[in-house]
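Structure, as C-alpha cells:
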Amino acid sequence: MSQMTLLLHWLASLPRRMIGKPFLQPALDQMDTGHNEDNHLMVQFFEWESLPPPGISWWKHFENEVPRLASLGCTQVWLPPPNKAMVKEGRGYDAYDLVRDLPVLLRCHSLTSRQWDLGEFHQKGTVATRWGTKEEFLSCIRTAKSHGIHILIDAVLNHKLGADRKERFMAVECDPDNRLKELGRPRQIEGWTAFDFHGRGDKYSSMKWNQSHFTGLDWDALARKKGIFKIVGRGHKGWSKNVDPELGNYDYLLGIDIDFRHPDVRKDFLEWGPWVLQVSTQWDQRCLVPCQLNSFLSSNFGTRATLFCWVVKETGAAGFRLDACKHIDRDFLREFVKTGRNTPGFERAFVVAEFWIDSAPTIERYMGLLNAPVSMFDVPLHYNFHRAFKQGHSYDLRTILEGGLVSSRPRDAVTFVDNHDTAIGCSLESWVGKEFKPIAYALILLRPEGHPCVYHADMYGPEAIPELPALMKVRQQQAYGACTDYFKDNQNCVAFVRHGDSSHAGSGCVVLCANAKPGERAFTKDISVGQEHAGSVWKNVFAEGTVTLDDTGKGNFKCPSRGISVWILDI
C-alpha cells in the first residue's frame, strides 16, 4: 500500500468534526495572564454609559478600586480606549487621534504607539478624554501594576471618525445588504476624510491622513446623502477580500474605514521592524529607558523611535483587546500581532479578539485563517446564557456549555456573561438578566475551562450581582483541581465538583446550579468529592448549613430551586 493510500485511509478514519479544524497551539498557553497563573481573572472596567463618581475622573475611580480588585483575585483589567475621540464625551470607539488608530500595547514595551493623544492635547474641544487626562491614565496603570494587575488596552483599529476637513473624490454607492453590489456608476462625492491634528501638530508623528488611506465611508456631504460609499480611483483597491463574508463583504462597519493595504498605513503600524528587535534587549525590564539609549534611537532612527521609548516608559500595559476583527484585513492583523510577538520580551503578550458571531465553528475557522496567537471572546457561550435567561425553567441546563468555544477550544476561549455592547439598547443587545447571572458566573468562574471576564456593571451600581464578589473569592482560593460533572439526571439542576489540589491548602468546591420554577422544592445531589476528603465538613457560601462527607468522601448537597449553592471546606 502506497504512502498516499495510507494517508487517505488515516484521514478517512478521523472523526468528521476534526476534518478542516485548525490544528493551532492554544493561544492562552502562549500568553502572560497575570500574577496568578492558576486562576487568572479579567475585569472589564467600564460600561457604555460609564460616568465616574462626582469630582474625579474615570481613571482615578479605577485607581481607587485597584486594591479591592486585587483582593478579589483580579489579574487583568480591560480598560476603555484611552485615545481622543471625535467629540468631548466620546468613548474612544469614535477614534480621532490615536493617532495611528491604536497601537499594540504590550507588557513593558509598545510596538507601534508613538502618537496617541491620551488626554494631552487640546483637540476636539478638550484636553482630557471622557475618561480623564494622560497623567491620570498613566498613574492608574502604575498603581495597577504595583498590585499585580496587568492592563489590557482596547485597540480600535478599524476606523476613524471626526475628520478636520472635507475632501472631494470618486466613489460608488454600494447596497448596504450586499456590499459587493454597486448601485450605479462612480461619481464625485465629498467626505470628511482629512485629519490634520492641529492641536498636536507634528509631535510624535508628522503623518496626516486623507482619503487615499481609506476604503469607504457612510456620508456624502456634497449630496447630503447617507449610504455605503466605496472610494474608487487611483490607488484604491476596493474592499479588502480578507474579511468576514457577511453582507457580501464586511470590510465596512462604520465611520471612515481604514485601508490596511495602503503602504503608508501599513508603515504607520509596522515600521518598527528589525531595528526594534536589536534595541529591545537593551531595555530595562522595569520600563526605565536610559537617556543614552533614547539619544541613540533619536539620532539613528528619528523622533518616532524616541516616541517608541516614550510609550514604553509611560504606559506599561500588558496586552490588548482587538475590536471588530470581522471587519479588519486578516493578513494585516496577522502581521500586526506576529511582529510584536517576534520581538524579545513580547513573546507572551496577551491578545484577545472580538469576532462577534454565535457560531463556534465560524470562530474556529477564523482562528485558522488568522493563524496567530490570539484568544477569542466566547460569543456563543454568551448567547447560551442569554437564551437560558429568556427561556427560564424550560431551558435545559445540561446543554448550557454545548456549542461554546469553551467546549471545543477551552484554551482559546475568553468567557464572559455580558459586556458594553450587549446591554439593553446597545448595538448587540442580548442582555443576561440579573436572576440568571449567578449561574452564568458560577459556570465561568469556578470551572477550569476558559479565561473568564467579569463585567463592570455586574460588580458596581444598581444591577450589581450580590453573589459575584464571593464567587470571585472562591475562584481565587478554592476552585482548583480536577473537575467532575453531575449534569445528566435533571434538566433544571446541574452540578460539578472541583476536587482541590496539594498546591492550594483548603482548596476544592462543590457547585450546584438550578433554574426550576419559582416555589419548587430545593434540589439535592449525592456528590463524591474524593476519598482524600472523607469525614470533612463543607459549608454553604451563600446560606446556613453544612455537609459532612462519609468515609468514601461522598455527601448530599442542597441547592435552591432557582439559583446556586457553592460549598467549600469549613476550616
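The values are calculated or read from the model by the stated rules, or taken from the named source; none is laboratory data. Bear in mind the structure is a predicted one, so any value in this text is a computation, not a measurement. No Cβ is skipped: glycine too gets one built from the backbone with ideal geometry, and neighbour counts run over all protein chains shown. Surface accessibility is based on the protein's heavy atoms, side chains included, excluding ligands, DNA and RNA. Shrake-Rupley method; radii C 1.70, N 1.55, O 1.52, S 1.80 Å.
Output wanted: per-residue J couplings in Hz (rounded whole) for segment 423-430, from phi through Karplus 6.51 cos²θ - 1.76 cosθ + 1.60, θ = phi - 60°, x for Gly and Pro.
5, 4, x, 8, 5, 10, 3, 6
At what distance in nm do the modelled label points of H147 and R168 sit from each other, each positioned 7 Å from its Cα along Cα→Cβ?
5.6 nm
Quick one: order S71, S139 from most to least accessible surface, probe 1.4 Å.
Sorted descending by solvent-accessible area, the residues read S71, S139.
Taking all protein chains together and a probe of 1.4 Å, list Y395, Y486 from the most accessible to the least accessible.
Numbers: Y395 20, Y486 60 Å².
Accessible-area ranking of Y395, Y486, largest first: Y486, Y395.
In what sequence, largest accessible area first, do D268, D196, D164 appear using a 1.4 Å probe? Each step should come with its number before you reach the end.
On the way: D268 0, D196 25, D164 50 Å².
Of D268, D196, D164, the descending order of accessible area is D164, D196, D268.
So what's the projected area for segment 357-484, the Cα convex hull averaged over all directions, in nm²? Present the calculation step by step, with values, prior to reporting the outcome.
On the way: hull surface 34.1 nm².
That works out to 8.5 nm², a quarter of the Cα hull's surface.
Starting from the Cα-Cα distance between D550 and N210, subtract it from 0.36 nm times their residue separation and give me the gain in nm to one decimal.
On the way: separation 340, 0.36 × 340 = 122.40 nm, distance 7.36 nm.
Contour length minus Cα-Cα distance gives 115.0 nm.
At 7 Å along the Cα-to-beta-carbon direction for both D264 and E532, put a label point, then send me their distance in nm to one decimal.
Each label point lies 7 Å from its Cα, and together they span 6.3 nm.
Given bins 5 angstrom wide, list per bin the percent of all Cα-Cα distances in segment 479-567, short to long.
3, 15, 26, 26, 18, 8, 4, 1, 0
In whole percent, and with a 1.4 Å probe on the protein chains, what portion of the accessible area of segment 218-273 is carbon and sulfur? Present the calculation step by step, with values, prior to reporting the outcome.
Working: 1350 of 2580 Å².
It is 52 percent, rounded to a whole number.
Estimate the FRET efficiency between A543 and E246 by the formula 1/(1 + (r/R0)^6), using the beta-carbon distance for r and 41 Å for R0, to the nearest 0.05.
Values: r = 46 Å, r/R0 = 1.13.
According to the calculation, E is roughly 0.30.
For segment 378-506, what does the accessible surface come to per residue with a 1.4 Å probe? Please give it in Å².
Details: 4480 Å² over 129 residues.
With all protein chains present, segment 378-506 gives 35 Å² per residue.
What is the gain in length, in nm to one decimal, between S359 and R187 on full extension, counting 0.36 nm per residue of separation less the C-alpha to C-alpha distance? Show your work: numbers first, answer last.
Details: separation 172, 0.36 × 172 = 61.92 nm, distance 3.89 nm.
Full-extension gain reported as 58.0 nm.
Once Rh is set to the Kirkwood radius over Cα pairs, what Stokes-Einstein translational diffusion coefficient, in µm²/s, holds for segment 421-571 at a temperature of 10 °C and a viscosity of 1.306 mPa s?
On the way: Rh = 16.1 Å.
Value of D from the Cα-based Kirkwood radius: 99 µm²/s.
Roughly how many Å² of E246 are accessible to a 1.4 Å probe, to the nearest 10?
Near enough 80 Å² of accessible area.
Figure the gain on full extension for R521 and A505 (residue separation times 0.36 nm, minus the Cα-Cα span) and round it to one decimal in nm. Don't skip to the answer; put the middle values down first.
Values: separation 16, 0.36 × 16 = 5.76 nm, distance 3.46 nm.
Here the segment from R521 to A505 would lengthen by 2.3 nm.
Can you give the FRET efficiency for H198 and I571, using 1/(1 + (r/R0)^6), R0 = 56 Å, r = Cβ-Cβ distance, to the nearest 0.05? The partial results should precede the final answer.
Numbers: r = 64 Å, r/R0 = 1.13.
Efficiency at R0 = 56 Å is approximately 0.30.
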